[in-house]
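Engineer: This is the structure I want to talk about, given as structure tokens.
A short reminder: the numbers here are calculations on the coordinates, not readings from a lab. It should be emphasised that the depicted structure is a prediction, and the values quoted were computed from it without experimental measurement. Note that each Cβ is placed from the backbone with ideal geometry, even for glycine, and that neighbours are counted across all protein chains shown.
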Amino acid sequence: MPAEPHVDDALRFSNINKVFGGVKALKAVEFAVGAGEVHCLAGENGSGKSTLIKIITGVYQPEPGAEMEIFGQSCSHITPTQARKAGIAVIWQDLALFAEMTVAENIAFETLLGNRPRGVSYARLRAVAEAALARLDVEIDLDARLGDLPIAQRQIVAIARALVSDARLIFMDEPTASLTQSETDALLSVVRTLSARGVAVVFVSHRLAEVLEIASRVTVLRDGRLVGVFPTEGMTQSRLTELMTGASFTQEVMARDTGGRPEVLTVDGLSRPGEYSDVSLAIRAGEVLGLTGLIGAGRTELCHTLFGMTRADRGEIRLNGRALRMRSNRDAVAAGIAYVSEDRLVLGLIQPQSIADNTVLAVLRKITGAGGLLSSQKKDATVEHWIAELAVKIGKPGDAVSTLSGGNQQRVVLAKWLATEPKVLILDCPTVGVDVGARAGIFRIVRALADKGLAILLVSDEVPEVYMNADRVLHMAAGRIVADWDPRQTRLQDMEAAVYA
Ligand code: ADP
Ligand code: MG
């Protein structure tokens with residue numbers, strides 16, 4: 001489909017800047033969507049997509065100087081309520097629905113209740129919900145309890161709810177991240193239906209095939225800046241990748257043969273009901289083992305057990321051949337296992353505290369002398385060593401960690417764990433929220449650590465990330481390991497097809 005002229009803009013934003021602490025998340029970004037258009041917002045992790053959506057929907061305020069126009073009305077300040085009233089809806093990843101209520105109630109309750117504070121009949125709710133689903137050309141049991149539906153259907157319910165409240169512009173932030181291919185197809189068809197009925201959709205995704213299939217135009221962000229707005233007509237995936245990364249993509253597969261090395265962490269038949277079952281794997285000295293799969297496949301749950309935070313019902317974990325019995329993550333740290341979690345900002349660091357204090361957090365006991373006094377000499381030496389080793393860009397060690405960029409914060413988390421001198425390092429989605437440039441830096445560090453003999457488990461839902469950076473890649477689905485790939489002998493698109501199938 002050719003890019004249509006967009007005379008009637010649903011919204012037009014310009015000079016959007018946003019600063020978080022020391023991080024410039026958006027730099028003079030412009031964004032416009034035509035009425036009824038399907039518009040994609042593309043960019044690598046950390047390029048600023050979610051931040052832009054939060055500004056447009058009033059969740060965050062931009063820095064002064066922004067110009068904002070919604071359906072022809074210019075405004076100086078937007079709150080979430082104003083955005084909703086203007087006809088803008090967002091389908092957040094958590095969907096903000098009520099699991100205990102029925103489909104009909106979820107779709108129609110809020111809107112109808114707003115009009116009639118004294119309550120509405122269930123029959124009326126049902127009728128309104130039915131009409132909304134009909135507009136989307138989908139059928140879902142109106143009386144089903146929402147919590148019993150798969151995530152894909154819940155998304156449709158959230159979209160139907162937006163229609164009931166007269167949304168004319170719907171934002172979807174990575175809606176297909178946890179969907180299978182057939183669910184994704186169903187969602188894309190709903191998006192087409194919306195557009196045909198005059199509702200504009202802004203669709204965030206980093207799956208390029210999908211972007212090119214659904215949108216008429218794509219806005220590309222890189223590192224918080226606008227790269228440009230392009231018609232998808234004539235655009236190729238490789239050109240779009242170049243626009244997103246700023247480089248023609250020639251990174252080599254890093255995998256090497258690690259088969260002959262000794263196993264450091266061995267997992268045998270590990271099961272925990274409802275989370276994962278019969279998981280066996282081995283990470284060898286100096287090996288980067290990738291673990292990928294859809295969100296909800298059980299990867300993080302497995303990591304929690306490997307780090308002593310939960311216990312398996314069955315199976316065994318061995319470290320250098322000896323069975324490990326961990327009662328808590330303290331036992332894991334003592335045994336030589338380190339874990340960099342996916343929620344860096346929440347769990348990994350204490351934001352207001354200094355870079356130095358964060359770095360020594362996990363080794364306080366080691367650098368505490370007789371009588372419980374912290375040896376400041378040892379502390380300074382530890383901090384200095386790791387800041388240099390990981391090339392963390394900081395002002396001074398005493399600065400609050402919150403002043404650092406995402407990539408540098410992630411390095412401080414790594415430093416914190418490396419100071420414990422681990423044998424096994426578990427990295428759970430280490431690049432979430434890290435900008436593009438810093439990502440490559442983190443993977444260089446991962447490779448250098450492996451070269452020093454560390455056994456590394458690299459977990460990621462971005463298949464290219466494990467494909468490029470791991471020696472072997474395990475695919476986890478519905479709690480089980482279903483494939484073991486050598487990236488040198490498997491094509492990226494085949495891995496992606498299997499993971500997103
Ligand atoms: P995307 O959605 O494209 O992955 P984001 O908009 O989430 O990117 O993030 C852009 C940049 O802003 C990243 O460097 C991220 O670390 C930073 N960032 C986003 N939200 C916050 C926040 N609440 N506090 C601090 N930094 C943030
Ligand atoms: Mg995002």
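Engineer: Which far-off residues, 5 or more places away or on another chain, put their amide H under 5 Å from the one on residue 19, with H placed in the peptide plane?
Structural biologist: Under 5 Å from the amide H of residue 19 lie the amide H atoms of 25, 63, each far enough along the sequence or on another chain.
Engineer: Follow-up question, since we're still on this one. Can you list the HN-Hα couplings for segment 311-319, worked out from phi with the Karplus curve (6.51, -1.76, 1.60; θ = phi - 60°), rounded to whole Hz and with x for Gly and Pro?
Structural biologist: Whole-Hz 3J(HN,Hα) from phi for segment 311-319: 10, 6, 6, 9, x, 9, 10, 10, 10.
Engineer: For residue 339, which sequence-distant residues (separation of 5 or more, or a different chain) have an amide H within less than 5 Å of its own amide H, given hydrogens modelled in the peptide plane?
Structural biologist: Those qualifying (amide H under 5 Å, at least 5 residues apart or on another chain) are 426.
Engineer: Just want the answer: with Cβ charges of +1 for Lys and Arg and -1 for Asp and Glu, which residue in 152, 352, 42 is farthest toward the dipole's positive end in the chain?
Structural biologist: Sorting the options by dipole projection puts first 352.
Engineer: What are the residues whose amide H is under 5 Å from the amide H of residue 477, where those residues sit 5 or more places off or on another chain and H is modelled from the backbone?
Structural biologist: For residue 477, whose amide H was placed from the backbone, the distant partners under 5 Å are 482.
Engineer: Across segment 64-207, how large is the tail of the calculated P(r) beyond 28 Å, expressed as a percent of all Cα pairs?
Structural biologist: I get 19 percent for the Cα pairs in segment 64-207 exceeding 28 Å.
Engineer: When the dipole is taken about the Cα centre of segment 115-171, and only Lys, Arg (+1) and Asp, Glu (-1) are charged at their Cβ, what size is it in debye, to the nearest 20?
Structural biologist: About 360 debye.
Engineer: Oh, and also: Calculate one ³J(HN,Hα) per residue across segment 177-183 by plugging θ = phi - 60° into the Karplus curve 6.51 cos²θ - 1.76 cosθ + 1.60, and present them in order as whole Hz with x for glycine and proline.
Structural biologist: Residue by residue, segment 177-183 yields 4, 10, 9, 6, 4, 6, 5 Hz.
Engineer: Something else now. Measuring from a point 7 Å past the Cα of residue 492 along Cα-to-C-beta, which residues in segment 221-248 have an amide N at less than 13 Å?
Structural biologist: Residues 237-248 fall inside that zone.
Engineer: Ignoring GluC sites (Glu not before Pro) that are buried or in helix or strand per DSSP, and keeping those with at most 11 other beta carbon atoms within 10 Å, what is the longest stretch of the chain between them?
Structural biologist: Maximal segment without exposed cleavage sites: 253-501.
Engineer: Treat every Asp and Glu Cβ in the chain as -1 and every Lys and Arg Cβ as +1, leave all other atoms uncharged, and give the resulting dipole magnitude about the Cα centre to the nearest 20 debye.
Structural biologist: Dipole of the chain, to the nearest 20 debye: 1440 debye.
Engineer: Of the options 323, 32, 191, report the single residue whose Cα projects farthest towards the positive end of the charge dipole of the chain (beta-carbon charges: Lys, Arg +1; Asp, Glu -1).
Structural biologist: Farthest towards the positive pole: 323.
Engineer: Rounded to the nearest 0.05, what FRET efficiency do residue 318 and residue 237 have when you use their Cβ-Cβ distance and R0 = 41 Å?
Structural biologist: 0.45
Engineer: Continuing with this model, one more query. Where in segment 101-183 are there trypsin sites (Lys or Arg not before Pro) that are in a DSSP coil and have at most 16 other Cβ atoms within 10 angstrom of their Cβ?
Structural biologist: 118
Engineer: Then there is this: Rounded to the nearest 0.05, what FRET efficiency is calculated for residue 59 and residue 310 with R0 set to 41 Å and r the Cβ-Cβ distance?
Structural biologist: Efficiency at R0 = 41 Å is approximately 0.80.
Engineer: Additional query: How much length, in nm to one decimal, is gained on full extension between residue 99 and residue 189, taken as 0.36 nm per residue of separation minus their Cα-Cα distance?
Structural biologist: Length gained between residue 99 and residue 189: 29.9 nm.
Engineer: Calculate for the chain the 222 nm mean residue ellipticity that helices alone would give, adding -39,500 (n - 2.57) per DSSP H run of length 4 or more and normalising by residue count, nearest 500 deg cm²/dmol.
Structural biologist: Only helices count here, giving -10000 deg cm²/dmol.
Engineer: Sticking with this one: Can you give the translational diffusion coefficient of the chain in µm²/s, computed by Stokes-Einstein from the Kirkwood radius over Cα pairs at 4 °C and 1.567 mPa s?
Structural biologist: For these conditions, the coefficient is 53 µm²/s.
Engineer: Work out the FRET efficiency for residue 377 and residue 134 from their Cβ-Cβ distance, taking R0 = 56 Å, and round it to the nearest 0.05.
Structural biologist: According to the calculation, E is roughly 0.20.
Engineer: Enter the Cα centre distance for the pair segment 279-346 and segment 462-501, rounded to the nearest angstrom.
Structural biologist: Distance between centres, Cα-based: 19 Å.
Engineer: Return the lysines within reach of residue 85: Cα separation strictly under 17 angstrom, same-chain partners fewer than 8 residues apart disregarded; answer none if there are no such residues.
Structural biologist: 54
Engineer: Another question, then. Along the positive direction of the dipole of the chain (beta-carbon charges: Lys, Arg +1; Asp, Glu -1; about the Cα centre), which of 265, 495, 58 reaches farthest?
Structural biologist: Positive-most Cα among the choices belongs to 265.
Engineer: Continuing with the same structure: Could you give me the ³J(HN,Hα) list for segment 157-171, computed from phi with Karplus coefficients 6.51, -1.76, 1.60 and θ = phi - 60°, whole Hz, x at Gly and Pro?
Structural biologist: Karplus-based 3J(HN,Hα) across segment 157-171 equals 4, 5, 5, 4, 4, 4, 5, 4, 8, 6, 5, 10, 9, 10, 9 Hz.
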